[in-house]
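Pasting in a structure now, in structure tokens, and then I'll have a few things to ask.
The values are calculated or read from the model by the stated rules, or taken from the named source; none is laboratory data. Just so it is clear, the structure is predicted and the values come from calculations on it, not from any experiment. Virtual Cβ from ideal backbone geometry, glycine too; neighbours counted across all protein chains shown. Keep in mind that these areas ignore ligands, DNA and RNA; they rest on the heavy atoms of the full protein, side chains included. Shrake-Rupley method; radii C 1.70, N 1.55, O 1.52, S 1.80 Å.
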Amino acid sequence: MAIDYSQRIPNNVDLSSDRRLQRALENWQPRFLDWWKDMGPDGTLNFDVYLRTAISAEANGWANFGYVKMPDYRWGIFLAAQDANRTIAYGDNKGKPVWQEVPGELRSTLRRLIVTQGDTEPASVEQQRLLGKTAPSLYDLRNVFQINCEEGRHLWAMVYLLHAYFGRDGREEAEMLLERHSGDPDKPRILGAFNEKTPDWLSFFMFTYFTDRDGKYQLASLAESGFDPLSRSCRFMLIEEAHHMYVGESGVQRIVERTCQLMKEHKTDDVRAFGAIDLATIQKYLNFHFSVSLDLFGQEASTNAANYYTMGVKGRYLETRIDDDHVLTDSAFEMDAVEDGRIVRKQVPALAALNERLRNDYVEDCAKGLRLWNKAIADAGIAFELKLPHRAFNRRIGAFSELHVSPDGKVMSEADWKANASKWLPTDEDRAYVTSLMGPAVIEPGKFANWIAPPSRGINNQSTDFEYVRFN
Ligand code: BYC
């Protein structure tokens with residue numbers, strides 16, 4: 001169904017045919033806008049930003065580019081097209097038609113997953129609230145605003161499901177999504193990584209590379225849901241998500257390129273003297289964001305995950321392309337586990353290991369960006385390799401959280417780990433240095449801060465010196 005932009009809330013779900021739902025969402029809309037004004041990108045209400053807006057929910061031809069003031073962005077409800085023949089692909093309900101309504105016994109489980117997903121979206125906008133003040137270019141400024149607007153829309157996607165399918169509980173949860181705030185000691189966001197700060201652009205690029213990529217894998221698993229409206233919402237969100245990860249991947253790449261250029265030019269590793277970010281510091285930020293994002297996949301052995309799968313609520317990554325029985329009651333899975341304070345390889349029941357399996361898919365995907373970044377380093381003739389730390393490094397969730405493990409996977413005492421932590425994770429001094437590079441936003445078209453290379457191409461075939469943001 002085409003997106004109807006004539007409505008107060010743009011949508012492709014025929015919202016006007018359900019007056020009650022429409023009114024409830026129209027009541028939520030001003031509260032969302034108040035939240036955006038209070039917690040969204042600071043001091044930007046009047047900027048004209050060259051943004052893409054979805055005009056169709058088809059995979060191709062959905063983006064329309066033009067200048068928009070962010071509070072006027074057409075946040076709405078867009079679901080991917082319905083497949084009338086879709087059946088549940090796994091678990092006890094395998095082969096049955098997908099659900100268009102929430103089965104009573106799955107109500108609290110589904111609500112919980114939708115709330116957890118929905119909570120991350122506004123959280124990331126809150127985390128990125130101040131980045132515009134220090135943007136390294138107009139191009140980058142536009143990108144963070146685009147991401148913020150789309151995360152706002154992803155919140156709309158989950159709020160629609162809560163309002164449309166979960167009655168009063170759903171409406172209350174939708175209110176709470178605007179009341180919890182990232183890092184708020186009294187009402188924090190639900191998942192750990194979304195209470196961390198994103199105070200500088202190196203953190204932002206690492207976040208969009210590593211944490212948005214968790215979003216890709218969680219959304220892909222929820223896109224397999226037997227609850228069809230959730231599946232269709234996530235399928236459309238995934239299309240938007242790709243650009244966010246591209247911003248992260250290319251952002252880190254451009255920082256690495258600039259660093260390497262200065263290393264060669266001045267024949268030194270210590271590019272701090274020349275106002276850039278040394279490779280060792282980049283590695284530390286990478287270690288932090290990767291390990292924090294690994295936690296987002298939950299416990300390695302999870303009965304929650306087994307239940308989601310068995311009930312048909314949350315599948316595996318690309319479930320239908322996997323060649324097995326899609327029930328998994330008799331299958332095993334090999335993974336790292338902790339036994340007597342050591343990391344050992346273990347066979348476990350496949351159903352209990354679904355979080356870890358998804359984490360494996362994620363880790364494999366993360367490695368691809370590192371190959372690109374390392375190629376840039378090698379092309380500059382520099383002997384240095386960025387590495388993903390061991391998955392047991394710096395964990396707060398799951399079995400490894402009880403161990404102290406180095407980035408190369410060595411289990412050590414807490415005292416030894418702490419004595420070395422400053423080599424592995426950003427120190428206060430590293431963070432202060434990176435923050436010190438974040439000068440006032442660079443707002444002259446085509447100009448870039450000293451610590452980052454220009455991108456190889458602009459947005460929507462525009463040049464890199466295009467006026468991506470106009471200040472009023
Ligand atoms: N922090 O059995 P377990 C995105 C809790 S990112 C705090 O392993 P489960 C985005 C857990 O809730 C994608 N608590 O749980 C990216 C459970 O609590 P209870 C977000 C945690 O359910 C960038 C207990 O520990 N989407 O979209 O198998 C920008 C036992 O754990 C954490 C989703 O996450 C944590 N890290 O797995 C914008 C999808 N991890 O029951 C957006 C929806 C676990 O004991 N969520 N716990 O009270 C899920 O699928 C699952 O909730 C999780 C956890 C995978 C997160």
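Please state the shape class of the chain: rounded when a/c is under 1.5, otherwise prolate if a/b exceeds b/c and oblate if not, all from the C-alpha gyration tensor. The partial results should precede the final answer.
Details: a/c = 1.84, a/b = 1.13, b/c = 1.63.
Because a/c hits 1.5 or more and a/b fails to exceed b/c, the chain counts as oblate.
Counting only protein heavy atoms, what percent of the accessible surface of segment 265-355 is carbon or sulfur at a 1.4 Å probe?
About 49 percent, which is the carbon plus sulfur part of the accessible surface.
Still on this structure, please answer the following. Report the GluC sites (Glu not before Pro) located in segment 1-105 that are in a DSSP loop and have at most 13 other Cβ atoms inside 10 Å of their Cβ, or state none. Each step should come with its number before you reach the end.
On the way: sites: GLU26, GLU58, GLU101, GLU105; in loops: GLU58, GLU101.
Answer by residue number: GLU58, GLU101.
Next question. Loop-only trypsin sites (Lys or Arg not before Pro) in segment 224-324, please: DSSP not H, G, I, E or B, and at most 11 other Cβ atoms within 10 Å. Could you put the intermediate results ahead of the total?
On the way: sites: ARG232, ARG235, ARG254, ARG258, LYS264, LYS267, ARG272, LYS284, LYS314, ARG316, ARG321; in loops: LYS267, LYS314, ARG316.
For trypsin sites (Lys or Arg not before Pro) across segment 224-324 that sit outside H, G, I, E and B with at most 11 neighbouring Cβ atoms in 10 Å, the list reads LYS267.
With contacts defined as alpha carbon pairs under 8 Å and 6 or more residues apart, what's the relative contact order of segment 123-259 in percent?
Numbers: 127 pairs, mean separation 33.6, N = 137.
With pairs under 8 Å counted, the relative contact order is 24 percent.
What percentage of the solvent-accessible surface of segment 55-101, computed with a 1.4 Å probe over protein heavy atoms, is contributed by carbon and sulfur atoms?
On the way: 1160 of 2480 Å².
Accessible surface attributable to carbon and sulfur in segment 55-101 totals 47 percent.
Given a 1.4 Å probe and every protein chain left where it sits, what share in percent of the accessible area of segment 384-433 is carbon and sulfur? Don't jump to the answer; show the numbers that get you there.
On the way: 1370 of 2770 Å².
Result for segment 384-433: 49 percent of the exposed heavy-atom area is carbon or sulfur.
Further question on the same structure: Of LYS267/LYS375; LYS69/LYS133; LYS387/LYS423; LYS216/LYS346; LYS368/LYS423; LYS94/LYS314, which pairs sit farther than 21 Å apart, going by alpha carbon to alpha carbon? All intermediate terms of the calculation are to be shown ahead of the outcome.
On the way: LYS267/LYS375 19 Å; LYS69/LYS133 17 Å; LYS387/LYS423 14 Å; LYS216/LYS346 27 Å; LYS368/LYS423 24 Å; LYS94/LYS314 12 Å.
Over 21 Å apart, Cα to Cα: LYS216/LYS346; LYS368/LYS423.
Let me check against my output: what whole-number percent is the relative contact order of the chain, with C-alpha pairs under 8 Å and at least 6 apart?
Numbers: 777 pairs, mean separation 89.2, N = 472.
Reported relative contact order: 19 percent.
Which FRET efficiency, nearest 0.05, do MET176 and GLN261 yield, Cβ-Cβ r, R0 45 Å?
Values: r = 47 Å, r/R0 = 1.05.
About 0.40, to the nearest 0.05.
What's the magnitude of the charge dipole for segment 306-432 around its Cα centre, counting Lys and Arg as +1 and Asp and Glu as -1 at the beta-carbon? Answer in Debye, nearest 20.
Working: 19 positive and 22 negative charges, 51 e Å.
Roughly 240 debye, rounded to the nearest 20.
Sticking with this one: Longest exposed-loop-site-free stretch of the chain, with chymotrypsin sites (Phe, Trp or Tyr not before Pro), DSSP loop and at most 15 other Cβ within 10 Å? Please list the in-between numbers first.
Details: sites that count: TYR5, PHE471.
Longest gap between qualifying sites, sites excluded: 6-470.
Sticking with this structure for a sec: Please work out how much accessible surface HIS181 shows to a 1.4 Å probe, ignoring ligands, DNA and RNA, in Å² rounded to 10.
Rounded to the nearest 10, that gives 40 Å².
Could you tell me the center-to-center distance, by alpha carbons, between segment 43-109 and segment 316-373 in angstrom?
28
Now for a separate question. Please state the shape class of segment 144-226: rounded when a/c is under 1.5, otherwise prolate if a/b exceeds b/c and oblate if not, all from the C-alpha gyration tensor. Walk me through the numbers on the way to the answer.
Working: a/c = 2.02, a/b = 1.36, b/c = 1.48.
Oblate.
Quick check: the distance between the Cα centres of segment 419-456 and segment 113-156, to the nearest angstrom?
19
Per residue of segment 17-22, what does 6.51 cos²θ - 1.76 cosθ + 1.60 with θ = phi - 60° give for ³J(HN,Hα)? Whole Hz please, x for Gly and Pro, Karplus curve as stated.
So the J values, rounded to whole Hz, are 7, 10, 4, 5, 5, 4.
In addition: For HIS154, HIS326, what's the largest-to-smallest order of accessible area, 1.4 Å probe?
Numbers: HIS154 0, HIS326 25 Å².
These residues rank, largest area first, as HIS326, HIS154.
Quick check on segment 314-440: take the gyration tensor over C-alpha atoms, sort the square-rooted eigenvalues as a ≥ b ≥ c, and tell me if it's rounded (a/c under 1.5), prolate or oblate.
Values: a/c = 2.36, a/b = 1.48, b/c = 1.60.
Oblate shape, in that a/c is at least 1.5 and b/c is the bigger or equal ratio.
Right, something else. Restricting to Cα pairs below 8 Å that are 6+ residues apart, what does the relative contact order work out to for segment 350-434? Please round to a whole percent. Don't skip to the end; give the middle numbers.
Numbers: 51 pairs, mean separation 12.3, N = 85.
Answer for segment 350-434 is 15 percent.
To the nearest 500 deg cm²/dmol, what mean residue ellipticity at 222 nm is calculated for the chain from DSSP H runs of n ≥ 4 alone, each contributing -39,500 (n - 2.57), summed and divided by the residues? Display every interim value, and only then the final one.
On the way: 12 runs with 211 residues, N = 472.
So the calculated ellipticity at 222 nm is -15000 deg cm²/dmol.
Taking a probe of 1.4 Å, how large is the accessible area per residue of segment 319-472, in Å²?
Working: 8530 Å² over 154 residues.
Computed with neighbouring chains in place, this is 55 Å² per residue.
Restricting attention to segment 160-201, which GluC sites (Glu not before Pro) occupy a DSSP loop and are surrounded by at most 12 other Cβ atoms within 10 Å?
Values: sites: GLU172, GLU173, GLU175, GLU179, GLU196; in loops: GLU196.
Here no GluC sites (Glu not before Pro) fit, given the DSSP loop and packing criteria.
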